[in-house]
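Worksheet for the structure shown next.
The values are calculated or read from the model by the stated rules, or taken from the named source; none is laboratory data. Note that the coordinates shown come from a computational prediction; the quantities given were computed from them, not determined experimentally. Neighbour counts run over all protein chains shown; Cβ positions are idealised from the backbone, glycine included. These area figures cover heavy atoms from the full protein model, side chains too; ligands, DNA and RNA do not enter into them. Shrake-Rupley method; radii C 1.70, N 1.55, O 1.52, S 1.80 Å.
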Amino acid sequence: QFAYDAYQDLWMFESTAVWAEEKVYDAIDDYLSYLPTWAFCAEVPLTEAPGTGPCRLKIYGSAVWNLWLDERYGAEVVRAAWAGSLATSPASLAPAAYDSAIRTHGGSGFVDDFNRFAAAVAEWRAPGSGLSEGAAFGGDVERVGTLPDGSSATWSLDHTSFAHVDVPVPPGSPPWIRLNVA
């Protein structure tokens, strides 16, 4: 990693290191021990490191971001993020490095894929989530609340964070919901 960019964001160092451990030692699955913390801390930005309190280990669980990208584009996308790290503007900004690598590999960029990733981890154990080992992940990513039919709520989120909300569907309702987000 230092050969590519010694000034890169700490969360990229740690999350890609844990991802690489999983690639090299697939049978060990040590990264699973970080996922309960990660799942509890979705409202903490992916890019925050080292974190505090119960979320201090989130950067290691953020390997799940790299695993998701790997399954979507191949392992080369993570290496490409490192290889292009210094060429981003500003240099050594991990989301910009990922953005460039994702676009090079046929995606729409960091923002679009981060949104898709946030949706995928809502049901990470389900087939088709984009995480082939998702069934081993344990509990769900924490929900910040429930939004009953016809109600509204407000949550503030920082960059590179997300929140999942339970939206119960009343019996006999159509199989769709309307959600307005501002």
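Let me have the relative contact order for the chain, percent, based on Cα pairs under 8 Å that are six or more residues apart.
21 percent
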Percentage relative contact order, the stretch 133-182, counting C-alpha pairs under 8 Å, at least six apart: 37 percent
For residue 164, residues with placed amide H under 5 Å, excluding near neighbours: 144
Gyration tensor verdict on the stretch 44-131 (Cα atoms; rounded if a/c is under 1.5, prolate if a/b is larger than b/c, oblate otherwise): oblate
Accessible area (Å², per residue) of the chain, counting only protein heavy atoms and a probe of 1.4 Å: 54 Å²
Fully extended contour minus Cα-Cα distance, from residue 151 to residue 133, at 0.36 nm per residue: 2.9 nm
Length added when fully stretched, residue 112-residue 75, from 0.36 nm per residue minus Cα-Cα: 11.4 nm
Lys/Arg +1, Asp/Glu -1 at C-beta; the chain dipole; positive extreme among 157, 102, 47: 157
Within the accessible area of the stretch 3-55 (1.4 Å probe), percent carbon and sulfur: 59 percent
Accessible-area composition of the stretch 64-182, carbon plus sulfur, in percent [1.4 Å probe]: 54 percent
Charge dipole (debye, nearest 20) of the stretch 31-182; +1 at Cβ of Lys and Arg, -1 at Cβ of Asp and Glu: 100 debye
Relative contact order of the stretch 56-160, pairs being alpha-carbon contacts under 8 Å that are 6 or more residues apart, as %: 17 percent
Distance in nm between pseudo-label sites at residue 10 and residue 122 (7 Å out along the Cβ direction from Cα): 3.2 nm
Computed label-point distance, nm, for sites residue 43 and residue 140 using a 7 Å Cα→Cβ extension: 1.7 nm
